[in-house]
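Down below is the structure, laid out as structure tokens.
The values are calculated or read from the model by the stated rules, or taken from the named source; none is laboratory data. Note that the structure is a prediction, hence the values are computed from the model and not measured. FYI the Cβ positions are ideal-geometry reconstructions off the backbone, even for glycines, and counts take in every protein chain you see.
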Amino acid sequence: MNCPYCGYQDSKVIDSRDINGGIRRRRECLGCSSRFTTYERLQPASLFVIKKDGRREEFSREKLLGGIRKACEKRPLPIGSVDKLAGDIEAGLYRLGKAEVPSAIIGDMVMAGLKGLDHIAYIRFASVYREFADITALKQAVDTLVSGEKSSQLPLLPTEQLEGLKNKRRRQK
Ligand SMILES: [Zn+2]
């Protein structure tokens, strides 16, 4: 790590601490005594993706993030949720502990994540990833999503409590 001020290649570490998934080090240049900070990301052994046609490609976080971003374009999502989803998927992949994973597994993880995040993004991603052959296949996916949503929207609280909550909200207004 060369000093950003003078370019000298030797520095001593004056402080180092763990920050989520990496290490931050404060360094002091042995040439000019300037202080600077380095971040080291802990990187597991490289991971390869087996594509549909059998070719291997090194896993790319950027590519994963790009695919999710594209699906989520202009959707009203909380800031950081796309990055978080990509990060969760990446962590999940490394947790599998395999050197190679089929691209289908990654696709499924993205689908599962988007399903919980935003249904329009989910359908967008699915239409590219699942390569819907026609509008019927697309409609089926939407129908499955909608019927799933209805069943998951059954009240989780007894009606009385729900009413109580509603009244409370009304009073707060
Ligand atoms: Zn220096």
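Of all the numbered requirements in (1) at pLDDT below 85; (2) touching a helix residue (DSSP H, G or I) at 6+ places or on another chain (Cβ under 8 Å), GLN43 misses one, and that requirement is (2).
Under the condition of being loosely packed, with under 14 Cβ neighbours inside 10 Å and in contact with a strand residue (DSSP E or B) (Cβ under 7 Å, 6 or more places away or on another chain), the residues counted in segment 104-117 number 0. Among the conditions (1) touching a Leu at 6+ places or on another chain (Cβ under 9 Å); (2) loosely packed, with under 15 Cβ neighbours inside 10 Å; (3) part of a strand (DSSP E or B), VAL101 misses just one, which is (2).
When VAL110 is tested against (1) among the β-branched types (Val, Ile, Thr); (2) in a helix (DSSP H, G or I); (3) at pLDDT below 90, exactly one condition is not met: (3). For VAL110, indicate whether it is under 14 Å from the mean Cα position of the chain (by Cα), under 28 Å from LEU47 (Cα atoms) and β-branched (Val, Ile, Thr). Yes; evaluated as a whole, the condition is true for this residue. Based on what the data block shows, is GLU73 among the charged types (D, E, K, R), away from the ligand (no atom under 16 Å from the Cβ) and either surrounded by 14 or more Cβ atoms within 10 Å (Cβ to Cβ) or under 30 Å from SER127 (Cβ atoms) (or both)? Against the criterion (among the charged types (D, E, K, R), away from the ligand (no atom under 16 Å from the Cβ) and either surrounded by 14 or more Cβ atoms within 10 Å (Cβ to Cβ) or under 30 Å from SER127 (Cβ atoms) (or both)), GLU73 qualifies.
Given the condition in contact (Cβ under 8 Å) with a residue 24 or more places away in the chain and either under 27 Å from the mean Cα position of the chain (by Cα) or under 16 Å from GLY107 (Cα atoms) (or both), answer yes or no: does some residue in segment 10-30 qualify?
Within segment 10-30, none of the residues are in contact (Cβ under 8 Å) with a residue 24 or more places away in the chain and either under 27 Å from the mean Cα position of the chain (by Cα) or under 16 Å from GLY107 (Cα atoms) (or both).
Checked against (1) surrounded by fewer than 11 Cβ atoms within 10 Å (Cβ to Cβ); (2) within 14 Å of the ligand (Cβ to nearest atom); (3) under 30 Å from GLY97 (Cα atoms), GLY7 passes all but a single condition, namely (3).
Checking each residue of segment 52-59 against the condition of being in contact with a helix residue (DSSP H, G or I) (Cβ under 9 Å, 6 or more places away or on another chain), away from the ligand (no atom under 16 Å from the Cβ) and touching a residue at least 12 places away in the same chain (Cβ under 8 Å) gives at least one match. Listed here are the strands (runs of 3 or more DSSP E) enclosed by segment 22-85 that have at least 2 residues being among the polar types (S, T, N, Q): 35-41. Counting just the residues of segment 118-149 that are of a type outside the set (Ser, Thr, Tyr) and over 25 Å from the mean Cα position of the chain (by Cα), which one comes out surrounded by the most Cβ atoms within 10 Å (Cβ to Cβ)? Here the residue is ALA137. Restricting segment 14-26 to residues that are surrounded by 11 or more Cβ atoms within 10 Å (Cβ to Cβ) and farther than 26 Å from ALA91 by Cβ leaves a set whose member that is farthest from the ligand (Cβ to nearest atom) is ASP15.
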